Amino acid sequence: MSESEPTQLRRMKGETDLRGHSLHPPPYGAAALRLIASPPSPSTVVSFDRHELRRILDLYGRKVAEGEWRDYAIDFTRDRAAFSIFRRASEIPLYRIEKDPRLARKQGAYSVIASTGLILRRGHDLAKVIRVLDKPVRLVVS
C-alpha cells in the first residue's frame, strides 16, 4: 500500500456508534426504491385488455347516461382485475366485474358480483357475462 492511496476502514457487521445507531446505513437512491417499492413486472399483473375495457366502458357510459351509475374504480392485482361500479363515490360498489385467469378453464374468467357478494353471472365470454347488468327497464301497465 502506497502513501498516496487512501486508507479504508473496515467495519464489522452489526457495528454501532456510541449512540447505538448502525454504522451501515440503509441504501438510498435507486437501490432503495428497488428494495422498498418494486412494482410487479407487467407480466404478473392481471388487467383488462383494450377490447374488454371497451365493452365494459360502453355499458358504463349507457348507465351513466340513464342516471343509474356515477363513478367507477379499476383495480389490477397479481391474481385478478376488477372494475367496480358505484352509484355514489362514497358508497361501496354496486357491482364488480372481475377477471380471474385462474378460473378460465373451470367456470370462466369473468364474473359479475353484487354488493352483497352474490355472483350474478360467471362465464368465458365477457359480453354474455355483463349482459346481466344491461337488462332493459320494463314498464308494468295495469
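Restricting attention to the stretch 87-109 and to residues that are in contact (Cβ under 8 Å) with a residue 40 or more places away in the chain and part of a strand (DSSP E or B), the residue that is surrounded by the fewest Cβ atoms within 10 Å (Cβ to Cβ) turns out to be Lys99. For Arg54, the requirement of being part of a loop (DSSP other than H, G, I, E, B) and loosely packed, with under 12 Cβ neighbours inside 10 Å is not met. When the stretch 59-74 is filtered for residues that are exposed (fewer than 12 other Cβ atoms within 10 Å of the Cβ) and among the acidic types (Asp, Glu), only Glu66 remains. Of everything listed in (1) surrounded by 13 or more Cβ atoms within 10 Å (Cβ to Cβ); (2) assigned to a loop (DSSP other than H, G, I, E, B), the single unmet condition for Lys135 is (1).
Restricting attention to the stretch 102-121, the residues being over 19 Å from the mean Cα position of the chain (by Cα) and either of a type in the set (Ser, Thr, Tyr) or under 19 Å from Leu53 (Cβ atoms) (or both) number 3.
Read-outs throughout are calculated quantities, based only on the coordinates presented, and are distinct from any laboratory measurement. This is a predicted model, so every value here is computed, not measured. With ideal geometry, Cβ positions are generated from the backbone for all residues, glycine too; neighbour counts draw on all protein chains shown.
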